[in-house]
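This is the structure I want to talk about, given as structure tokens.
The values are calculated or read from the model by the stated rules, or taken from the named source; none is laboratory data. For clarity, every value in this text was computed on a predicted model and none was experimentally measured. Don't worry about glycine lacking a Cβ; one is built from the backbone with ideal geometry, like all the others, and counts go over all protein chains shown.
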Amino acid sequence: MSYGRNKEKKGKKIFPELENWVYVTRRVHRFYTRQWLQVEFRKKKMQRFKAASLVRNGLHSCRLLSHCRGLCSLPDHALNDDLDHQVLVEGKAWSRTAILNRPSALNALTTAMGARLQKLYKSWEDNPDIGFIVMKGSGKAFCAGGDVVYLYHMINKGKIEECKQFFSTLYAFMYMVGTCLKPHVAILNGITMGGGAGVSIPGTFRIATDKTVFATPETIIGFHPDAGASFYLSHLPGHLGEFVALTGERLNGLDMIASGLATHYLHSSRLPLIEEELGKIVTDDPSVIEASLDKYGELVYPDETSVLHRIELVDKCFSHDTVEEIIDALECEAGRTNDAWCTSTLKRLKEVSPLSLKVALRSIREGRFQTLDQCLVREYRMSLQGVTKQVSNDFCEGVRARVVEKDFAPKWDPPSVEKVSNDMVDQYFSPLSEFEPDLELPTELREAFT
């Protein structure tokens, strides 16, 4: 006993700085342990919620689709000093809202906007006083996608590095949305296309309205469905994803809720009510947020003209292995039934880039067996192939004809599906050169659902 007390006193007298260091170290360790446990708890909670949501939404989609079967048995890149005005921020209680604010360009995304969104989301994730995140758009659009006019001008000026930064920045943010540690609510009131879907659909909740217009129109401009489209389209019911990817056909809010692209639907006139309700929430519990959305959500069914009423025909035609076989199947159905839908679908397929058709079909098929990060890494390679013109000039030609000069008479190269070789398609999917790094995503740090 005596020896122990003397030893303790001696230690305090000779090494007081060591004792202080140990004390501080323990406090720091406890602090970071608590922080780590909070993050892990949030990951587990989001994991459980997302797993349950997938089951519920899957069953819900099946019910709606069964019902359907029964019935049918842009401006230049933003300058840095304007950046704060192009992504606005609102704060209410435990939430933060990112507002895409380029209404004159239908809120088209730029590199700088993607970088600011990454910075905002990172700070919101790290802030324990913020429970969830909301995203919406200004004007009549949620987001029309990436700023393809900016890309068009950069390509023509030979500024390929700027194009690479554009894709890498935006794809990284889309991955951040898909692995967000806090619930994410996207209000898709208006045009939601391409990259606009990429920054919203991977999130926890997607609210569609009577004004929502969804599409992946990339084949129309000689590109491929990117921004994570090969992931979420490949998981739609049946072969609806192939149909949407190849044709660029538009879906409305009713179609989105029925197919699972949206989690909730309500009339746009009720949006102020739901935003007010969200502003009162003081928790990060996704089930509480879901209950608030359910409170104002409506049970709806697709219009009579919806493609979902033709899901069996879509599956029959778009389940084939090649674009040529898909076209043959549609022509056979059109000749046999004189169905106007088959005729109009054929017309759309013959107007878009033949190379894009084959690239898009393969991309959706590969995406069906890949994770979100794997799809984004592959799409990054494909996007670089598209903007460097190593395979074809179709992207610049498509943007010129459809968006810039608007003569609507693109000269595709190759001009027909039959002339698109397998080697051309393979090159789109081939690894980048040894001097060109792949897209790097922080999968080990951010995978919240594995």
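Residue by residue, here is whether (1) acidic (Asp, Glu); (2) in a strand (DSSP E or B); (3) touching an Asp or Glu at 6+ places or on another chain (Cβ under 9 Å) holds:
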| residue | (1), (2), (3) |
| --- | --- |
| 136 | no, yes, yes |
| 139 | no, no, no |
| 151 | no, no, yes |
| 154 | no, no, yes |
| 182 | no, no, yes |
| 200 | no, no, no |
| 203 | no, no, no |
| 211 | no, no, no |
| 220 | no, no, yes |
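In addition: Condition check: of a type outside the set (Gly, Ala, Ser) and exposed (fewer than 14 other Cβ atoms within 10 Å of the Cβ). Does residue 410 satisfy that?
no
Restricting attention to the stretch 423-441, which residues are part of a loop (DSSP other than H, G, I, E, B) and of a type outside the set (Asp, Glu)?
Once the filter is applied, which keeps residues that are part of a loop (DSSP other than H, G, I, E, B) and of a type outside the set (Asp, Glu), the stretch 423-441 yields 430, 431, 432, 433, 435, 437, 439, 441.
Given the criteria closer than 30 Å to residue 150 by Cα and assigned to a helix (DSSP H, G or I), does residue 392 qualify?
Spelling it out, it is not the case that residue 392 is closer than 30 Å to residue 150 by Cα and assigned to a helix (DSSP H, G or I).
Could you please find all residues in the stretch 192-217 being surrounded by fewer than 24 Cβ atoms within 10 Å (Cβ to Cβ) and among the hydrophobic types (A, V, I, L, M, F, W, C)?
Listed by number, the residues that qualify are 205, 213, 215.
Out of the residues in the stretch 225-249 that are under 16 Å from the mean Cα position of the chain (by Cα) and hydrophobic (A, V, I, L, M, F, W, C), state the one that is surrounded by the fewest Cβ atoms within 10 Å (Cβ to Cβ).
236
So, in the stretch 162-172, exactly how many residues are under 19 Å from residue 142 (Cα atoms) and either surrounded by fewer than 23 Cβ atoms within 10 Å (Cβ to Cβ) or in contact with a strand residue (DSSP E or B) (Cβ under 7 Å, 6 or more places away or on another chain) (or both)?
1
Just need a number here: residues in the stretch 308-343 that are within 27 Å of the chain's Cα centre (by Cα), over 20 Å from residue 416 (Cα atoms) and acidic (Asp, Glu).
Residues flagged as within 27 Å of the chain's Cα centre (by Cα), over 20 Å from residue 416 (Cα atoms) and acidic (Asp, Glu) within the stretch 308-343 amount to 2.
Of all residues in the stretch 356-392, which are surrounded by fewer than 18 Cβ atoms within 10 Å (Cβ to Cβ), modelled with pLDDT of 95 or more and polar (S, T, N, Q)?
370, 371, 374
Another question, then. For residue 388, indicate whether it is more than 22 Å from residue 433 (Cβ to Cβ) and out of contact with any strand residue (DSSP E or B) (no Cβ under 9 Å at 6 or more places or on another chain).
No.
If you take the residues in the stretch 85-142 that are of a type in the set (Gly, Ala, Ser) and touching a strand residue (DSSP E or B) at 6+ places or on another chain (Cβ under 7 Å), which one is surrounded by the fewest Cβ atoms within 10 Å (Cβ to Cβ)?
So the residue we want is 138.
Kindly list, by first and then second residue, each pair from a residue in the stretch 268-288 that is surrounded by fewer than 14 Cβ atoms within 10 Å (Cβ to Cβ) to a residue that is modelled with pLDDT of 95 or more and outside any helix (DSSP H, G or I), limited to pairs with Cβ atoms under 8 Å and residues at least 6 apart or on different chains.
If the second residue must be modelled with pLDDT of 95 or more and outside any helix (DSSP H, G or I), the pairs left are 282/131; 283/131.
Scanning for something out of contact with any Leu (no Cβ under 7 Å at 6 or more places or on another chain), over 18 Å from residue 137 (Cβ atoms), aliphatic (A, V, I, L, M) and assigned to a helix (DSSP H, G or I), does the stretch 255-266 turn up at least one residue?
yes
Looking at residue 300, is it of a type in the set (Val, Ile, Thr), over 20 Å from residue 200 (Cα atoms) and not in a loop (DSSP other than H, G, I, E, B)?
For residue 300, the condition - of a type in the set (Val, Ile, Thr), over 20 Å from residue 200 (Cα atoms) and not in a loop (DSSP other than H, G, I, E, B) - is not met.
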